[in-house]
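Participant: Okay, here's the structure, questions in a sec.
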Amino acid sequence: MLKLSILDQSPVSSGSTHKEALQQTIRLAQAADRLGFTRFWVSEHHNSAGLAGSSPEVFISTLAARTSRIRLGSGGVLLPHYSAYKVAENFRMLEALYPGRIDLGIGRAPGGTPHTAKALRGGSADLFEGLERFPAQVTDLLRFLTDSVEPGHRFEGIRATPLVESTPQVWLLGSTGQSGVYASQAGAAFCFAHFINGAGGQQAVRSYRKSFRPSELNVVPQATVCIHVLCADTDEEADRLAASFDLRILQVEKGEFTGVLSPEEAAAYPYTEWDRTRVRDNRSRMIIGGPQQVKEQLLSLAKSYEVDEVMVVAGGYCMETRLRTCELLSEIFNLT
């Protein structure tokens, strides 16, 4: 049976606060642990009024302390902004505290506006320079995680502490084939962000598998796909609730996103013809419906990607909608 996991972005509903959004993510992680999901990842966004999660490595520690079984991870740490050595130490610390439960997902995206990215990088380095050195950063990160800094390397003699016997599972995340190339070269796992880009993911995953190089991390390639999902008790109720989802994605594209609006507020939004076209197009990045429809579409998606695990971004205006999606998914796929 298909395995399911969750990526949560700590969305802020209209009239709510960032603190409340983070508490809701904790509740959702505890539910996912109870309901039989395989892993639960939290995202990294900066200077965002509508998304509260800015520090996944800190949040993972809290989530791990409040769950018992599920794997916890980053979806993902935006490596171009940071030191590979410090990221290795952060995740070795998590692995030491919660062995066998930690995933390190790595992304290349800026995680905010160019101005915000500049602040993250201390105001001095150019973001494009960071993207260019990303492959070398990944290589250095894996050296530190596996204690394989070779003699003569500029970091010879440096080890990431704490010293632990196990290694976090390393995933490269991306919405294009380029991240798959990096993942195959590093011998890391690969997650394609179908919820960001609904086209070309299947080919990216096939190319990743074909070019995969075995490593200390993985002997064989491991891939998954991440997609927006909203499941309700009926197709009609799911479609009604999805109005919030549709508008959220549209507002992100337009730079207007400050929080998730209710279905009623979304219905009253002054959509232009261009807006309505984008809403229709964006449905290719989403699965919306009642249990049977969602099950069929998830199985079809997994088959097209040739994966045995799918990660979902549970959407909707309120915590109850996201939680209901997770409950129904657990039920229809017999996760427990």
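Participant: Output the number of residues of segment 188-208 satisfying the condition of being in contact (Cβ under 8 Å) with a residue 40 or more places away in the chain and either out of contact with any helix residue (DSSP H, G or I) (no Cβ under 7 Å at 6 or more places or on another chain) or crowded, with 18+ Cβ neighbours inside 10 Å (or both). Write out each step before concluding.
Facilitator: Quick first cut of segment 188-208, residues in contact (Cβ under 8 Å) with a residue 40 or more places away in the chain only: 188, 191-192, 194-199, 201-202, 205-206.
Retained after the next criterion (residues that are either out of contact with any helix residue (DSSP H, G or I) (no Cβ under 7 Å at 6 or more places or on another chain) or crowded, with 18+ Cβ neighbours inside 10 Å (or both)): 188, 191-192, 194-197, 199, 201, 205-206.
Of the residues in that region, 11 qualify.
Participant: Now for a different question. Quick one: what pairs do we get from segment 241-260, first residue over 12 Å from A49 (Cα atoms), second surrounded by fewer than 21 Cβ atoms within 10 Å (Cβ to Cβ) and among the basic types (K, R), C-beta under 8 Å, 6+ apart or different chains?
Facilitator: D246/R283; I249/R285; L250/R278; E253/R278
Participant: Scan segment 159-179 residue by residue and report those that are closer than 16 Å to E216 by Cβ, outside any loop (DSSP other than H, G, I, E, B) and open to solvent by less than 40 Å² (accessible area, probe 1.4 Å).
Facilitator: V170, W171, L172
Participant: Consider segment 7-44. How many of its residues are open to solvent by 50 Å² or more (accessible area, probe 1.4 Å) and not charged (D, E, K, R)? Step through it out loud before you land on a result.
Facilitator: As a first pass, look at segment 7-44 and keep what is open to solvent by 50 Å² or more (accessible area, probe 1.4 Å): 15, 17-20, 22-23, 27, 30, 34.
Remaining after also requiring not charged (D, E, K, R): 15, 17-18, 22-23, 30.
Number of matching residues: 6.
Participant: Moving on to the next point. Are any residues in segment 238-263 in a helix (DSSP H, G or I) and open to solvent by 70 Å² or more (accessible area, probe 1.4 Å), and if so, which ones?
Facilitator: Here is the first cut: in segment 238-263, the ones in a helix (DSSP H, G or I) are 238-254, 263.
Selection gives D239, R240, V252, E253, K254.
Participant: Say whether the condition of being open to solvent by less than 10 Å² (accessible area, probe 1.4 Å), closer than 26 Å to A29 by Cα and over 17 Å from the mean Cα position of the chain (by Cα) is met by at least one residue in segment 273-286.
Facilitator: no
Participant: Considering every residue within segment 92-100, establish whether at least one is without any contact (Cβ under 8 Å) to a residue 24 or more places away in the chain, surrounded by fewer than 22 Cβ atoms within 10 Å (Cβ to Cβ) and not β-branched (V, I, T). Talk me through it step by step, then tell me what you get.
Facilitator: Taking segment 92-100 as the starting set, the residues that turn out to be without any contact (Cβ under 8 Å) to a residue 24 or more places away in the chain are none.
Within segment 92-100 (the criterion being without any contact (Cβ under 8 Å) to a residue 24 or more places away in the chain, surrounded by fewer than 22 Cβ atoms within 10 Å (Cβ to Cβ) and not β-branched (V, I, T)), the answer is no, since none of the residues qualifies.
Participant: Kindly establish whether V219 is more than 17 Å from I287 (Cβ to Cβ), out of contact with any helix residue (DSSP H, G or I) (no Cβ under 9 Å at 6 or more places or on another chain) and either open to solvent by 50 Å² or more (accessible area, probe 1.4 Å) or assigned to a helix (DSSP H, G or I) (or both).
Facilitator: On the way: more than 17 Å from I287 (Cβ to Cβ): yes; out of contact with any helix residue (DSSP H, G or I) (no Cβ under 9 Å at 6 or more places or on another chain): yes; either open to solvent by 50 Å² or more (accessible area, probe 1.4 Å) or assigned to a helix (DSSP H, G or I) (or both): yes.
The answer is yes for V219.
Participant: Please indicate, with yes or no, whether at least one residue in segment 324-336 is hydroxyl-bearing (S, T, Y), in contact with a helix residue (DSSP H, G or I) (Cβ under 9 Å, 6 or more places away or on another chain), under 19 Å from Q9 (Cβ atoms) and in a loop (DSSP other than H, G, I, E, B). Outline the logic, then answer.
Facilitator: Filtering segment 324-336 down to residues hydroxyl-bearing (S, T, Y) leaves 325, 330, 336.
After this cut, where a residue has to be in contact with a helix residue (DSSP H, G or I) (Cβ under 9 Å, 6 or more places away or on another chain) as well, the list is 325, 330, 336.
If we keep only those that are under 19 Å from Q9 (Cβ atoms) too, we end up with 325.
Narrowing further to those that are in a loop (DSSP other than H, G, I, E, B): none.
No, segment 324-336 contains no residue that is hydroxyl-bearing (S, T, Y), in contact with a helix residue (DSSP H, G or I) (Cβ under 9 Å, 6 or more places away or on another chain), under 19 Å from Q9 (Cβ atoms) and in a loop (DSSP other than H, G, I, E, B).
Participant: Got a number for residues in segment 60-79 being open to solvent by 30 Å² or more (accessible area, probe 1.4 Å) and in a helix (DSSP H, G or I)?
Facilitator: So the first thing to find is which residues in segment 60-79 are open to solvent by 30 Å² or more (accessible area, probe 1.4 Å), and the list is 61-62, 65-66, 68-69, 71.
Of the ones still in play, those that are also in a helix (DSSP H, G or I) are 61-62, 65.
Result for segment 60-79: 3.
Participant: Output the residues belonging to segment 101-126 that are more than 16 Å from P168 (Cα to Cα), open to solvent by less than 40 Å² (accessible area, probe 1.4 Å) and not in a loop (DSSP other than H, G, I, E, B).
Facilitator: T116, A117
Participant: One residue is enough: does segment 42-54 have a residue meeting the conditions free of Cβ contacts under 8 Å to residues at least 60 places away in the same chain, in a loop (DSSP other than H, G, I, E, B) and of a type in the set (S, T, N, Q)?
Facilitator: There is at least one residue in segment 42-54 that is free of Cβ contacts under 8 Å to residues at least 60 places away in the same chain, in a loop (DSSP other than H, G, I, E, B) and of a type in the set (S, T, N, Q).
The values are calculated or read from the model by the stated rules, or taken from the named source; none is laboratory data. For clarity, every value in this text was computed on a predicted model and none was experimentally measured. Because the Cβ atoms are built from the backbone with ideal geometry, glycine has one as well, and the counts that use them run over all protein chains shown. We work out accessible area using only protein heavy atoms, side chains counted, and drop any ligands, DNA or RNA first. Shrake-Rupley method; radii C 1.70, N 1.55, O 1.52, S 1.80 Å.
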